[in-house]
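First the structure, in the form of structure tokens, and then the observations on it.
The values are calculated or read from the model by the stated rules, or taken from the named source; none is laboratory data. None of these values were measured; they are calculated from a predicted model. Here the Cβ is made from the backbone with ideal geometry for all residues, glycine too, and neighbour counts use every protein chain on show. Note: areas computed on protein heavy atoms with side chains; ligands, DNA, RNA excluded. Shrake-Rupley method; radii C 1.70, N 1.55, O 1.52, S 1.80 Å.
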Amino acid sequence: MTDEVVAPGRSRPAPRQAPGPTGRSHGMSGASPGMPSVHEVRTEEDLLVVRHAVRAATLNCGFSLIDQTRVVTAASELARNTYIHGGGGSMALERLSRHGRSGLLLVARDEGPGIADVEQALEDGYTTGAGLGHGLGGARRLMHEFRIHTEPGVGTTVSAIRWTER
């Protein structure tokens with residue numbers, strides 16, 4: 001069974017690219033238009049690499065300081081979930097352009113157990129670990145577009161987009 005949730009009133013971003021082969025990262029450190037960079041999420045150090053790459057990509061896209069913080073926070077939560085709950089995976093970053101605005105697409109993928117109840121997982125306070133249970137729902141609130149595709153025993157893919165205000 002496949003579950004998919006899209007934030008209310010938001011469109012569904014198209015899936016972009018499968019994770020690259022084994023290695024730390026693939027592509028550029030910051031996202032370029034049409035050229036995703038893929039970063040492995042297998043260790044605690046990889047979480048830091050992802051945060052730095054997302055920060056560089058938000059600067060490249062021209063996000064305000066507040067929106068940079070929003071995107072880096074969402075990416076950090078998604079990468080940590082990929083690492084902790086999914087047993088590792090990848091984070092792809094892709095710079096987008098639409099109607100004169102820039103955007104950043106984040107795609108977090110894992111091959112973990114999947115999410116049994118997506119709606120419950122998005123509720124504040126729900127956790128299957130030691131955290132506070134605000135990560136997944138918080139990441140959704142920080143982004144303009146948000147999509148979860150999960151399949152038990154196969155894994156989870158979360159796609160999220162934030163657009164610049166310009």
key: Output for segment 87-100, where each listed residue is surrounded by fewer than 22 Cβ atoms within 10 Å (Cβ to Cβ) and of a type in the set (Ser, Thr, Tyr)   = Ser97
task = For residues that are of a type in the set (Gly, Ala, Ser) and touching a Ser or Thr at 6+ places or on another chain (Cβ under 8 Å), scanning just segment 65-105, find the one that is farthest from Thr150 (Cα to Cα).
result = Ser102
message = Any residue at all in segment 38-51 that's modelled with pLDDT of 95 or more, of a type in the set (A, V, I, L, M), in contact with a strand residue (DSSP E or B) (Cβ under 7 Å, 6 or more places away or on another chain) and open to solvent by 20 Å² or more (accessible area, probe 1.4 Å)?
response = yes
request  = Confirm whether Ser159 is under 17 Å from Val38 (Cβ atoms) and modelled with pLDDT of 95 or more.
outcome  = yes
query = Of all residues in segment 101-135 being of a type outside the set (D, E, K, R), at pLDDT 90 or above and assigned to a loop (DSSP other than H, G, I, E, B), which is surrounded by the fewest Cβ atoms within 10 Å (Cβ to Cβ)?
reply = Pro113
Pairs where the first residue, in segment 70-86, is open to solvent by less than 30 Å² (accessible area, probe 1.4 Å) and the second is of a type in the set (S, T, N, Q) and at pLDDT below 95, C-beta under 9 Å, 6+ apart = Thr82/Thr156; Gly86/Thr156
